[in-house]
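The values are calculated or read from the model by the stated rules, or taken from the named source; none is laboratory data. Fair warning: this is a prediction, and the values are worked out from it, not measured in the lab. No Cβ is skipped: glycine too gets one built from the backbone with ideal geometry, and neighbour counts run over all protein chains shown. Note: areas computed on protein heavy atoms with side chains; ligands, DNA, RNA excluded. Shrake-Rupley method; radii C 1.70, N 1.55, O 1.52, S 1.80 Å.
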Amino acid sequence: MSSNPQQLMSSPPSPMVWFLLVESDTGLPYKGTSADKVAVSSPADVADFRKAVKAEYNEPNYLRDIPSSALLVYKNKYSFDKRNTAVEEGKEDPLKSSRSLNGLGKTEEDALIVAVPSSRNSDQSSSESSLARKEPNPKRKQRWIALNEVLEGNAKKSKTIDSTGYCYVSWNEVKTVFNPTNYVQ
């Protein structure tokens with residue numbers, strides 16, 4: 001009886017890589033997900049891993065409108081938490097796309113962190129500031145209008161004696177706009 005050499009030599013199983021999807025701005029689990037694992041080809045790099053994660057979450061459409069290259073992968077939770085610290089304090093950057101996964105994400109405790117861009121960031125271009133999206137508080141807007149009226153009314157007047165330096169408006173003229181109260185201990 002002859003044996004087929006291809007049957008005897010099976011390929012090694014694809015390595016499983018543990019990961020956790022998190023919201024990039026808050027670090028909370030993305031849409032209530034928990035740690036999971038995906039099979040990746042061997043050898044695999046971060047780019048392959050991101051594509052596998054995107055494919056894994058394609059069915060519930062969690063990552064439908066997010067390209068795999070927009071997913072940022074961190075070595076672990078500690079690295080993710082250090083993403084916004086100063087360089088002197090040990091700032092951690094996401095893994096490069098070409099970085100090999102060898103030895104990473106082997107257990108749930110050492111899961112790779114996959115940061116998903118927030119929907120707010122994906123809806124607007126990164127050049128827009130967060131202030132441009134938010135309408136000011138109505139009371140603040142009223143103060144701005146009242147202050148602009150005072151400033152425009154006094155723009156042509158000269159400085160008065162009780163005015164602050166480099167300003168043509170005195171405190172007494174704008175005090176009613178700010179409605180200050182005396183400090184009480």
If you check Arg50 against the conditions, is it in contact (Cβ under 8 Å) with a residue 12 or more places away in the chain and either within 23 Å of Leu28 (Cα to Cα) or surrounded by fewer than 18 Cβ atoms within 10 Å (Cβ to Cβ) (or both)?
yes
Report yes if Ile66 is in contact with a Ser or Thr (Cβ under 9 Å, 6 or more places away or on another chain), within 23 Å of Pro15 (Cα to Cα) and among the β-branched types (Val, Ile, Thr), otherwise no.
no
Elements of type helices (runs of 4 or more DSSP H) in region 103-185, at least 2 residues being at pLDDT 80 or above and of a type in the set (Lys, Arg):
138-154
For the subset of region 23-47 comprising residues that are within 23 Å of Arg99 (Cβ to Cβ) and among the hydrophobic types (A, V, I, L, M, F, W, C), which member is surrounded by the fewest Cβ atoms within 10 Å (Cβ to Cβ)?
Ala39
Which one is most open to solvent (accessible area, probe 1.4 Å), of the residues in region 9-22 that are modelled with pLDDT of 90 or more and of a type outside the set (A, V, I, L, M)?
Trp18
Within region 53-76, residues being surrounded by fewer than 17 Cβ atoms within 10 Å (Cβ to Cβ) and aliphatic (A, V, I, L, M) number 3
Condition first: modelled with pLDDT of 90 or more and among the hydroxyl-bearing types (Ser, Thr, Tyr). Can you find one or more residues in region 58-70 that meet it?
yes
